[in-house]
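The values are calculated or read from the model by the stated rules, or taken from the named source; none is laboratory data. Only a predicted model underlies this, so the values are computations on that prediction, with no experimental measurement involved. We place every Cβ from the backbone using ideal geometry, glycine too, and count neighbours over all the protein chains shown.
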Amino acid sequence: MPDPTTEPASPRSGIDPGARPGPGRALTPAIEVHLTDQDLRDALEADVYEGLTAPAKHLPPIYFYDDRGSRLFDEITRLPEYYPTRAERSILENHAKDIAARARATMLIELGAGTCDKSRVLLDALLAEGSLERFVPLDVSDSTLAAAAAALAREYPDVSIHPVVADFHRHLHLLPEGGTRLFAFLGGTIGNLDPEERWTFLADLRAAMAPQDRVLIGTDLVKDRSDLVHAYDDTAGVTAEFNRNVLRVLNRELRADFDPETFEHVALWNEEDSRIEMRLRSAVDQTVHIADLDLDVTFRSGEELLTEISSKFTPTGIEHELAAAGYGVVEAWRSDGDEFQLTLARPLGSHAPDRRPPDTGWHGNIGPEPEVAGP
Ligand code: AVJ
């Protein structure tokens, strides 16, 4: 990996940064780019090669989200079975004022902002609090960000909108500094990370934070296992299509020849690691060719490909994991029925913790990848 401190930030839209829209002027915001199309392409090739040649096949969940995948995810958020989005939104709507009063942020930085849907609730509250000057949505997708930023610039003419195309695993130290920042990591996306990845992410963020900065994290909570499984295996089959969509993405981007219909959607609750796992199970013995990687991948009938983990947390676990990464909980808010939690945390101590994860995460030991071999 190149040293990120030497990576140039190139304004992609061609707008002179010196002529950026100030308060009261709603022009198309210039985008700060730390991640190029070539970086994304390199990562895709490396991730897919590594994941599909591993003994227990796996793919990172980020590749679900092309245009079709993003639309399917949007549909998921409206399914009767999928409670997390509604639960998080209800917390935001009920407590945005408290969050804003606690954070008093001049800058809201949203990690994995996507369409910036949820940002508006926080933006409104921080504006009402009278502190907000700037909004920095961060995402890996420049097209999504550009559209969202343009809309926000029109809706919030008094807020400086500063979209950043970057990867929150690598570029946290390159984000705008100064004032009082509120980092928001919503949607339960942190649940896609395993305990070690969470520790690394939290420690990186901690290292980038000033004492007055705060972070707001959305986490799905442990609950009845059948409610959990149904949220990831809906009767309309939308989540199944979303899961299989990653194969369509590989077909298009890497000239692979997956037949998505030969893979069954599997959602299971892994009790030991406290997470939902989505997998694709090959219904037949088959060999898939991935032309751009010059790679043949064989699947035995029944063999499973791990496509996503979605970790579920307990309030104490969240507190412990935050403490291990150098944070103290300021306040936590839960939705009705304790389905979901938003936690506001602050950096503790004068510097970041050791660059080494602790032995235990929010759920005990960091174990190896689960067995996903077929019968
Ligand atoms: C966007 C990662 C929070 O884990 O619940 C929804 C993605 N996957 N249904 C989640 C997802 C299947 C979602 N996150």
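See the values below:
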{"quantity": "Subset of the range 249-265 (residues that are within 16 Å of the ligand (Cβ to nearest atom) and touching a residue at least 40 places away in the same chain (Cβ under 8 Å))", "calculated": "249, 263"}
{"quantity": "Whichever residue in the range 216-243 is assigned to a loop (DSSP other than H, G, I, E, B) and under 17 Å from residue 270 (Cα atoms) and, among such residues, is farthest from the ligand (Cβ to nearest atom)", "calculated": "224"}
{"quantity": "Test for residue 174: is it closer than 30 Å to residue 308 by Cβ and within 14 Å of the chain's Cα centre (by Cα)", "calculated": "no"}
{"quantity": "Restricting the range 240-272 to residues that are among the acidic types (Asp, Glu) and either over 26 Å from residue 226 (Cβ atoms) or touching a Pro at 6+ places or on another chain (Cβ under 7 Å) (or both), the residue that is surrounded by the fewest Cβ atoms within 10 Å (Cβ to Cβ)", "calculated": "261"}
{"quantity": "Matching residues in the range 185-197 - criterion: being within 14 Å of the ligand (Cβ to nearest atom) and touching a strand residue (DSSP E or B) at 6+ places or on another chain (Cβ under 9 Å)", "calculated": "185, 186, 187, 188, 189, 190, 191, 192, 193, 194"}
{"quantity": "Filter result for the condition that a residue is more than 22 Å from residue 219 (Cβ to Cβ), within 18 Å of the chain's Cα centre (by Cα) and of a type outside the set (Lys, Arg), over 163, 195", "calculated": "163"}
{"quantity": "Output for the range 302-337, where each listed residue is more than 30 Å from residue 56 (Cα to Cα) and within 16 Å of the ligand (Cβ to nearest atom)", "calculated": "335"}
{"quantity": "Residue within the range 198-215 that is assigned to a helix (DSSP H, G or I), within 13 Å of the ligand (Cβ to nearest atom) and among the polar types (S, T, N, Q) present", "calculated": "no"}
{"quantity": "Helices (runs of 4 or more DSSP H) completely within the range 40-138 that count 2 or more residues being within 12 Å of the ligand (Cβ to nearest atom) and touching a strand residue (DSSP E or B) at 6+ places or on another chain (Cβ under 6 Å)", "calculated": "84-103"}
{"quantity": "Selected residue [at pLDDT 65 or above and touching a helix residue (DSSP H, G or I) at 6+ places or on another chain (Cβ under 8 Å)] from 352, 332", "calculated": "332"}
{"quantity": "The range 176-206 - residue that is among the aliphatic types (A, V, I, L, M) and either within 16 Å of residue 134 (Cβ to Cβ) or out of contact with any Leu (no Cβ under 8 Å at 6 or more places or on another chain) (or both) and, of those, surrounded by the most Cβ atoms within 10 Å (Cβ to Cβ)", "calculated": "184"}
